[in-house]
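Written below as structure tokens is the structure these notes are about.
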Amino acid sequence: MSSPVIEFAQVSKSFGRQRVLSGVDFVIAGGRTTVIAGASGQGKSVTLKLILGLLRPDSGRVLVQGRDIARLRGRELNEIRANFGVLFQGGALLDSLSVFANVALPLEERTNLGEQEIRRRVLDTLEQLGLAGHEEKFPAQLSGGMKKRVGLARALMLQPEIMLFDEPTTGLDPEKALEIYRLFLETQQKFGYTAVIVSHDIPKIFNLADQVIIMGQGGAKSFASPEDIQRSSDPDIREFVRITMGEIYLSKTMESDYEQRKT
């Protein structure tokens, strides 16, 4: 197993009287895809903000590449954040900028690259993500799926070691959502970054995952595969499976086992 890139050690976080996280422990290994799931209000987005250092835990440690991000300030914090790429729910594109300008923005703001090199990198990335020929369009001219692709292209421009996805298929129909999932799988395998995906799109998202973390009741439980979730004897997890996955859902592994038993 790869060494930990992100680690939560006894992390607790409250907002007023509302306890969101209570002594949470989990480890996210490098170069893998981890899906964070759970009902609304169970701390999924709070977890992403803690990883980015946008929130600080009330107690415990959030380690990113071995460093406690809550203790970092100024230049040190900015340096570790430079390792992240983030894809927000709506893509967070700037409506007044073209596709090219949106994707070029991180390179213009964070590097000293010349105009020609920036253009080369942007056009190469757009081609890799199926966006060649759309560089002069504006966000209002794009479909929901294309906006997600542009957002992903922009997030990848600084070659991040860690990609965070916050509900990345919100607003997409099932076919477009599946297309985006395939794109995530392809880009993760190609670029080798560590992916953390917060998603409500269960159970389809699980087949992308090397690890699933289910949040609820202030805690977090880690599973190595979708079938491990289904086989859990934990009452809370079994209720989660019943509500979100149902009795008919089969992971890729379980489906293969089922077909072999029939023959």
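The values are calculated or read from the model by the stated rules, or taken from the named source; none is laboratory data. Given the structure is predicted, the values throughout are model-derived calculations rather than measurements. Cβ placement follows ideal geometry from the backbone for every residue including glycine, while neighbour counts extend to all protein chains displayed.
When the range 106-121 is examined, which residues are found to be outside any helix (DSSP H, G or I) and surrounded by 14 or more Cβ atoms within 10 Å (Cβ to Cβ)?
Hit for the range 106-121 is L113, nothing else.
Just checking, does the range 56-64 include any residue being surrounded by fewer than 21 Cβ atoms within 10 Å (Cβ to Cβ), more than 22 Å from Q189 (Cα to Cα) and touching a Leu at 6+ places or on another chain (Cβ under 8 Å)?
yes
What are the residue pairs meeting all of these: first residue in the range 191-219, first residue over 23 Å from P174 (Cβ atoms) and outside any loop (DSSP other than H, G, I, E, B), second residue at pLDDT 85 or above and acidic (D, E), Cβ atoms under 7 Å, and 6 or more apart or on different chains?
Close Cβ pairs (under 7 Å, with a partner that is at pLDDT 85 or above and acidic (D, E)) amount to T194/E161.
Got a number for residues in the range 157-177 being part of a helix (DSSP H, G or I) and under 27 Å from G43 (Cβ atoms)?
Number of matching residues: 2.
Looking at the range 36-50, which of the residues that are in a loop (DSSP other than H, G, I, E, B) and in contact (Cβ under 8 Å) with a residue 40 or more places away in the chain is surrounded by the most Cβ atoms within 10 Å (Cβ to Cβ)?
In this case the residue turns out to be G43.
Can you tell me which residue within the range 228-263, out of those that are crowded, with 17+ Cβ neighbours inside 10 Å and either in contact with a strand residue (DSSP E or B) (Cβ under 7 Å, 6 or more places away or on another chain) or within 30 Å of V11 (Cα to Cα) (or both), is modelled with the lowest pLDDT?
Selected residue: M245.
Just to verify a result, which residue in the range 12-35, among those that are closer than 16 Å to I197 by Cβ and in contact with a helix residue (DSSP H, G or I) (Cβ under 7 Å, 6 or more places away or on another chain), is surrounded by the fewest Cβ atoms within 10 Å (Cβ to Cβ)?
Within the range 12-35, the match that is surrounded by the fewest Cβ atoms within 10 Å (Cβ to Cβ) is T33.
Take the residues in the range 164-207 that are of a type in the set (F, W, Y) and modelled with pLDDT of 80 or more; name whichever of them is surrounded by the fewest Cβ atoms within 10 Å (Cβ to Cβ).
F191
Restricting the search to the range 36-75, which residues are at pLDDT 90 or above and closer than 13 Å to K221 by Cβ?
I36
L113 - would you say it is closer than 30 Å to A37 by Cβ and over 19 Å from the mean Cα position of the chain (by Cα)?
Answer is no for this residue.
Checking the conditions here, which among E135, E161 is modelled with pLDDT of 90 or more and out of contact with any helix residue (DSSP H, G or I) (no Cβ under 8 Å at 6 or more places or on another chain)?
Criteria check complete, one pass: E161.
Does D124 meet the test of being among the acidic types (D, E), modelled with pLDDT of 90 or more and in a loop (DSSP other than H, G, I, E, B)?
Against the criterion (among the acidic types (D, E), modelled with pLDDT of 90 or more and in a loop (DSSP other than H, G, I, E, B)), D124 does not qualify.
Report yes if some residue within the range 91-100 is part of a helix (DSSP H, G or I) and either without any contact (Cβ under 8 Å) to a residue 60 or more places away in the chain or farther than 26 Å from E167 by Cβ (or both); otherwise report no.
Within the range 91-100, one or more residues are part of a helix (DSSP H, G or I) and either without any contact (Cβ under 8 Å) to a residue 60 or more places away in the chain or farther than 26 Å from E167 by Cβ (or both).
List, please: which pairs have Cβ atoms under 6 Å, are six or more places apart or on different chains, and start with a residue in the range 1-23 that is more than 14 Å from A70 (Cα to Cα) and in contact (Cβ under 8 Å) with a residue 24 or more places away in the chain and end with one that is basic (K, R) and buried (at least 18 other Cβ atoms within 10 Å of the Cβ)?
Hits for this filter: V20/K13; L21/K13.
Any residue in the range 133-150 that is more than 26 Å from A101 (Cα to Cα), part of a helix (DSSP H, G or I) and in contact (Cβ under 8 Å) with a residue 12 or more places away in the chain?
No, the range 133-150 contains no residue that is more than 26 Å from A101 (Cα to Cα), part of a helix (DSSP H, G or I) and in contact (Cβ under 8 Å) with a residue 12 or more places away in the chain.
For the range 65-87: of the residues being crowded, with 16+ Cβ neighbours inside 10 Å and in contact (Cβ under 8 Å) with a residue 60 or more places away in the chain, which is farthest from A9 (Cα to Cα)?
L87
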